[in-house]
Amino acid sequence: MNRLSVRVLLLSLAYLCSLSQVSAERISIYSYYIPGLVDSAQEGTMVDMLAAIEEHSDLKFNLKLMPTARVQQSFIAERIDSYFPELDEFRPDDSCRTVSFMKKAIVAVNLASKPPITDISQLEGMRVGAVIGYSYGKAIANNPKINLHRVDDDNINIRKLLTGRIDAIIGDAHSTLNAINELKATDKVNIDVSQPISLLDVFFVFQPTEQGVKQCLETSKAIEILREKGLLNAWFGYR
C-alpha cells in the first residue's frame, strides 16, 4: 500500500469515527417535576415517552430536571437548547415546537351553591384563583376581563374559595382535584373534569437553530409514530 492510499484510509477512518461520535452524542433536554408524569429523570409517564421517542428516532437524550421557572428562563436566555412539557402561553415565539403529544384540560371550580362554570366567558368579571407558574392558555391569561389571583398552590385557592375571597378557581384534573379531596371539600364545590373549559396543546420546544430545528422535526416524527401505535392514547388519553 503506497503512502497516498494509507493517508486516504486514515482520513476515511477518522471521518467514520467522527460520525459515530456525533450519532452517539446525547442531547441535553430539560424538564421539571410533575407527579406521575416526571417523577425523576428515570421515572414517570413522560419519561417513558421520551425513551420511546429515542426508540423511534436517531435521537438520544440526557434528561435533566430543574424547577419550572428556571427551565423556562434558561431557555429564553439560550442557556439550554430544549425542554418539555410546554404550552403556547410561555413559549418564545421564535422557538420550534413539536406536534402535541397530549392535551392539557383546564377545569373551573366554584361553590356548589352557584351554577357550574362551563365556558371561559363565565369567568369574566370574577376573581379567579390560579397558581403561580401554571399555564392556563392565552385565552384565559390574556383576557383583561378575567381577574387572576395567583398563589403558591391549589390548597390556598380552595380555602380562599370556601371563605368567599375569590369567586372561582381554574386548574386541572390532577392537582386541583387532589386539593379538593385533601381539604374534604368535594360536596362544597362544582367541578366536572369531563367538561374542561379549555384544552391546550402540550409539546416539546427547541431553540430555532439549525440543529434545534432538525431535532424538533425528528422528535415530531417520532411522536406521530407513537400516536399511530396508540401509545399517546394509552399514556395520556390523546389520539
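I'd like to know if segment 182-195 contains one or more residues that are over 17 Å from the mean Cα position of the chain (by Cα), under 30 Å from residue 219 (Cα atoms) and among the acidic types (Asp, Glu). Scanning segment 182-195, I find no residue that is over 17 Å from the mean Cα position of the chain (by Cα), under 30 Å from residue 219 (Cα atoms) and among the acidic types (Asp, Glu), so the answer is no.
Close Cβ contacts (under 6 Å, 6 or more residues apart or on different chains) running from residues in segment 55-66 that are closer than 17 Å to residue 80 by Cα to residues that are modelled with pLDDT under 95 and loosely packed, with under 14 Cβ neighbours inside 10 Å comprise 60/26; 62/26.
Residues in segment 84-95 that are in contact with a Lys or Arg (Cβ under 9 Å, 6 or more places away or on another chain) and of a type outside the set (D, E, K, R) were compared, and the one that is farthest from residue 215 (Cα to Cα) is 87. Scanning segment 17-42 for residues that are at pLDDT below 95 and either assigned to a loop (DSSP other than H, G, I, E, B) or in contact with an Asp or Glu (Cβ under 7 Å, 6 or more places away or on another chain) (or both) returns 23, 25, 26, 32, 33, 35, 36, 37, 39. Of 179, 185, 168, all but one fail to be over 24 Å from residue 66 (Cβ atoms), touching an Asp or Glu at 6+ places or on another chain (Cβ under 8 Å) and small (Gly, Ala, Ser); the exception is 179. Out of all the residues in segment 152-166, is one or more surrounded by fewer than 15 Cβ atoms within 10 Å (Cβ to Cβ), under 20 Å from residue 54 (Cβ atoms), at pLDDT 95 or above and out of contact with any Phe, Trp or Tyr (no Cβ under 6 Å at 6 or more places or on another chain)? No, that holds for no residue. Number of residues in segment 124-135 that are under 17 Å from residue 110 (Cα atoms) and either touching a strand residue (DSSP E or B) at 6+ places or on another chain (Cβ under 6 Å) or in a loop (DSSP other than H, G, I, E, B) (or both) equals 7. Within segment 89-125, restricting attention to residues that are over 15 Å from residue 206 (Cβ atoms) and under 19 Å from the mean Cα position of the chain (by Cα), the residue that is surrounded by the fewest Cβ atoms within 10 Å (Cβ to Cβ) is 89.
Just the residues that are free of Cβ contacts under 8 Å to residues at least 40 places away in the same chain, in contact with a strand residue (DSSP E or B) (Cβ under 6 Å, 6 or more places away or on another chain) and aliphatic (A, V, I, L, M), please, taken from segment 147-165. 148, the sole residue that qualifies.
Residues in segment 172-190 that are at pLDDT 95 or above and small (Gly, Ala, Ser): 185 only. If the condition is being surrounded by fewer than 20 Cβ atoms within 10 Å (Cβ to Cβ) and in contact (Cβ under 8 Å) with a residue 12 or more places away in the chain, then segment 189-201 contributes 190, 192, 193, 195, 196, 198, 199, 201. If you check residue 222 against the conditions, is it closer than 25 Å to residue 93 by Cα and either free of Cβ contacts under 8 Å to residues at least 24 places away in the same chain or in contact with a helix residue (DSSP H, G or I) (Cβ under 9 Å, 6 or more places away or on another chain) (or both)? In short, yes. Residues of segment 180-239 that are small (Gly, Ala, Ser) and assigned to a loop (DSSP other than H, G, I, E, B): 185, 194, 230, 237. What are the residues in segment 148-163 that are touching an Asp or Glu at 6+ places or on another chain (Cβ under 9 Å) and in a strand (DSSP E or B), if any? Result: no residue meets the conditions.
The values are calculated or read from the model by the stated rules, or taken from the named source; none is laboratory data. Quick caveat: nothing in here was measured; it's all calculated off a predicted structure. So basically every Cβ, Gly included, is an ideal-geometry build from the backbone, and we count neighbours across all protein chains shown.
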